[in-house]
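Notes follow the structure.
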Amino acid sequence: MKPIIGRAASALLSPAKLKQFDVTVRCNPCKRFIDPPEAYSTNATLRAGPEIDTSSHALELLDELSNWDVVSASALLGRYARSHCHDEVIRLFSRVLASYIRPNEFTFGTAIHSSIVLGDVRVGKQLHACAMKMGLHSIVFVGSAVLDAYAKLSTLDEARRAFEDTREPNVVSYTTMISGYLKKGSFDDALSLFENMPEKNVVSWNAVICGHSQAGHSEEAVNLFIRMLREGFMPNESSFPCALTASANIAALGIGRSFHGFAIKCLGKFNVFVANSLISFYARCGSMEESLLVFDKLAEKNPVSCNAVICGFAQNGDAKEAINFFETMRTMGFEPNSVSYLGLLWACNHAGLVDEGYSYFNKGRLENPTMLKPEHYACMVDLFSRCGRFEEAEEFLNDLPFDPGVGFWKALLGGCQIHSNLELGELAAKKILALDPKDVSSYIMISNAHSAAGRWQSVSILRKEMREKGLTRVPGCSWIEMKNKNNVFVTGDSNHIQKGDIYMVLRTFLKHVKETEASSLENEFLS
């Protein structure tokens with residue numbers, strides 16, 4: 001029977017031969033003619049074979065075996081998983097159980113991972129129950145996989161129970177649980193568990209830093225990254241994008257520059273992901289010169305790099321440069337994508353270039369209708385509304401290929417507030433509150449519009465309605481970086497140690513603005 005193994009192994013190792021196999025999974029009874037040495041050869045072949053789109057050839061091989069075991073099954077499950085055939089992983093796992101083969105921790109780990117990729121919590125729970133019956137659920141490899149499934153697909157309580165059931169949880173278990181807490185917004189629990197970890201590594205640090213950054217807790221993310229450096233952990237190429245994004249969120253240009261310098265020292269020649277994060281960071285902090293410098297030095301540019309520059313110009317109000325770079329992107333051989341067009345429309349919006357923006361919108365729609373997302377349509381509504389072209393805005397809203405969400409009506413309401421179009425603004429506000437009755441900003445915007453028109457009774461009614469619904473305005477917050485230290489200011493803040501000096505400067509500034517405005521009006525009148 002050895003020639004059969006030889007032929008099967010030869011076929012398995014030859015990519016040209018692999019495609020000749022039928023993709024149908026055969027479940028016919030195994031023939032009993034191969035002894036353990038041949039089975040061992042099969043297991044080695046299953047583990048060592050090249051990655052392909054389907055593993056049906058491996059099932060052909062298993063069907064020749066009478067004594068395929070958990071090692072063969074685990075090897076084949078791994079092949080399926082690496083080939084992204086996750087449905088087949090679950091099917092094969094069922095076949096393993098039906099063949100009275102006892103799965104081990106690696107078999108379970110692979111199957112549970114596939115249930116996560118498929119987003120099927122029901123299958124994940126069944127696998128967990130099966131592991132519990134076999135007494136394998138407390139093994140760290142299985143426990144970490146179960147924990148990951150519950151953290152991503154179910155509730156924190158189930159994830160926490162899986163973590164507590166895991167015998168001697170390792171750094172992977174802790175990191176998975178911390179990531180689960182952060183994704184669900186349980187920041188205190190995440191930090192508490194992080195502080196109590198018996199052993200930390202760069203992956204666990206990245207998890208807690210990126211979790212805070214992605215949730216908008218940018219100052220905490222920056223402080224955690226600095227603490228990681230102080231405690232002697234060496235960041236990797238996954239660390240810097242999160243730290244730079246957090247720095248950009250609070251406009252910490254000086255701190256971000258120091259992170260850039262450390263990335264050069266630590267990584268040497270860093271990858272395109274770090275470079276793109278730097279391009280975006282400098283652009284968002286208003287330093288387009290440094291952003292372009294990083295872009296020009298980047299050896300391997302990609303569409304993400306170009307989009308970062310386009311969006312940077314847009315954010316800094318330089319529509320002309322954004323449009324020029326959009327065209328340059330094509331000459332570089334990159335086709336603009338959804339993000340490219342959104343950045344371009346954003347630039348036209350900031351500059352009030354309605355006709356140019358609408359022209360590019362229609363161009364994108366003609367090139368690839370599926371490329372334009374609701375965000376692109378909302379940007380056009382905002383552009384029409386900001387420029388006071390309300391008839392076009394209403395017509396555009398009526399012609400949408402989908403029902404407009406809250407963002408569309410907010411864009412219209414914002415334009416109405418700018419141009420004192422109270423009637424249309426009230427219509428937009430009603431639409432918003434019908435979709436989201438607890439939207440505080442809509443109440444504030446329409447209240448301000450009534451206030452500007454002197455309709456104090458309407459203002460009183462709106463504020464009373466807000467109180468009855470328990471709605472309160474979240475105060476605005478700003479950051480100013482001085483000498484690499486961030487100063488945070490909240491609307492009406494009186495807690496800053498230098499509040500006296502700050503308010504004195506503000507009063508002087510406001511006085512100067514009013515005098516300049518009065519002088520400008522006087523000159524205009526005299527001319």
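The values are calculated or read from the model by the stated rules, or taken from the named source; none is laboratory data. Treat the numbers as computed from the prediction; the structure is a model and nothing was measured. Methodologically, a virtual Cβ is constructed for each residue, glycine included, from the backbone with ideal geometry; neighbour enumeration extends over all protein chains shown.
From the list Lys269, Lys301, Lys320, the lone residue that is of a type in the set (D, E, K, R), surrounded by fewer than 21 Cβ atoms within 10 Å (Cβ to Cβ) and within 22 Å of the chain's Cα centre (by Cα) is Lys301.
Give the residue that is nearest to the chain's Cα centre (by Cα), with candidates limited to residues of the stretch 272-292 that are closer than 18 Å to Asn206 by Cβ and among the polar types (S, T, N, Q). This residue is Ser277. Selection of the stretch 144-160 for residues being closer than 22 Å to Leu191 by Cβ, surrounded by 19 or more Cβ atoms within 10 Å (Cβ to Cβ) and touching a residue at least 24 places away in the same chain (Cβ under 8 Å) yields Ser144, Leu147, Asp148, Tyr150, Ala151.
Of the residues screened, Glu168 is one that is touching a helix residue (DSSP H, G or I) at 6+ places or on another chain (Cβ under 8 Å), at pLDDT below 95, surrounded by fewer than 18 Cβ atoms within 10 Å (Cβ to Cβ) and over 26 Å from Ala275 (Cα atoms).
Yes/no per residue for (1) at pLDDT below 95; (2) part of a loop (DSSP other than H, G, I, E, B):
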| site | (1), (2) |
| --- | --- |
| Thr370 | yes, no |
| His376 | no, no |
| Cys379 | no, no |
| Asp382 | no, no |
| Glu392 | no, no |
| Pro401 | yes, yes |
| Trp409 | yes, no |
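The helices (runs of 4 or more DSSP H) located wholly in the stretch 14-132 that include 3 or more residues which are surrounded by fewer than 20 Cβ atoms within 10 Å (Cβ to Cβ) and at pLDDT below 55 occupy 15-18, 36-48.
Only one entry in Ser213, Ser144 is of a type in the set (Ser, Thr, Tyr) and closer than 30 Å to Ser247 by Cβ, namely Ser213. Filtered by the rule that a residue be closer than 18 Å to Gln315 by Cα, small (Gly, Ala, Ser) and crowded, with 16+ Cβ neighbours inside 10 Å, the stretch 337-392 gives Ser338, Ser340, Gly343, Ala347, Ala351, Gly357, Ala378. Considering the stretch 161-195, the residues that are more than 24 Å from the chain's Cα centre (by Cα) and among the charged types (D, E, K, R) include one that is nearest to His217 (Cα to Cα), namely Glu195.
A quick yes/no check of all residues on (1) among the hydrophobic types (A, V, I, L, M, F, W, C); (2) over 21 Å from Asn170 (Cα atoms); (3) under 23 Å from the mean Cα position of the chain (by Cα):
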residue	(1), (2), (3)
His212	no, yes, yes
Ala215	yes, yes, yes
Leu224	yes, yes, yes
Phe233	yes, no, no
Cys242	yes, yes, yes
Thr245	no, yes, yes
Ala251	yes, yes, yes
Phe259	yes, yes, yes
Ile264	yes, yes, no
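Per this entry, Gly185 is not counted among residues that are under 20 Å from Gly109 (Cα atoms) and among the small types (Gly, Ala, Ser). If the condition is being within 12 Å of Ile226 (Cα to Cα), surrounded by fewer than 21 Cβ atoms within 10 Å (Cβ to Cβ) and free of Cβ contacts under 8 Å to residues at least 60 places away in the same chain, then the stretch 241-266 contributes only Phe262. Checked against the criterion of being in contact with a Lys or Arg (Cβ under 8 Å, 6 or more places away or on another chain) and at pLDDT 95 or above, the candidates Gly254, Gly312 yield just one match: Gly312. When Ser280 is tested against (1) buried (at least 23 other Cβ atoms within 10 Å of the Cβ); (2) at positive phi, just one condition goes unmet, and that condition is (2).
Let's see how each residue does on (1) buried (at least 17 other Cβ atoms within 10 Å of the Cβ); (2) modelled with pLDDT of 80 or more:
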{"residue": "Leu412", "(1), (2)": "yes, yes"}
{"residue": "Leu427", "(1), (2)": "no, yes"}
{"residue": "Lys430", "(1), (2)": "no, yes"}
{"residue": "Pro437", "(1), (2)": "no, yes"}
{"residue": "Arg455", "(1), (2)": "no, no"}
{"residue": "Ser460", "(1), (2)": "no, yes"}
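Screening Phe163 with (1) surrounded by fewer than 18 Cβ atoms within 10 Å (Cβ to Cβ); (2) in contact with a Gly (Cβ under 8 Å, 6 or more places away or on another chain); (3) not aliphatic (A, V, I, L, M) gives one miss only, at (1).
Every residue in the stretch 133-143 that is buried (at least 22 other Cβ atoms within 10 Å of the Cβ) and of a type in the set (A, V, I, L, M, F, W, C), please. Within the stretch 133-143, just Val142 meets the criteria. Taking the stretch 298-355 as the range and being under 19 Å from Leu383 (Cα atoms), assigned to a helix (DSSP H, G or I) and either assigned by TED's automatic domain parsing to the domain that holds Phe273 or of a type in the set (Asp, Glu) (or both) as the test, the residues that pass are Glu321, Asp355.
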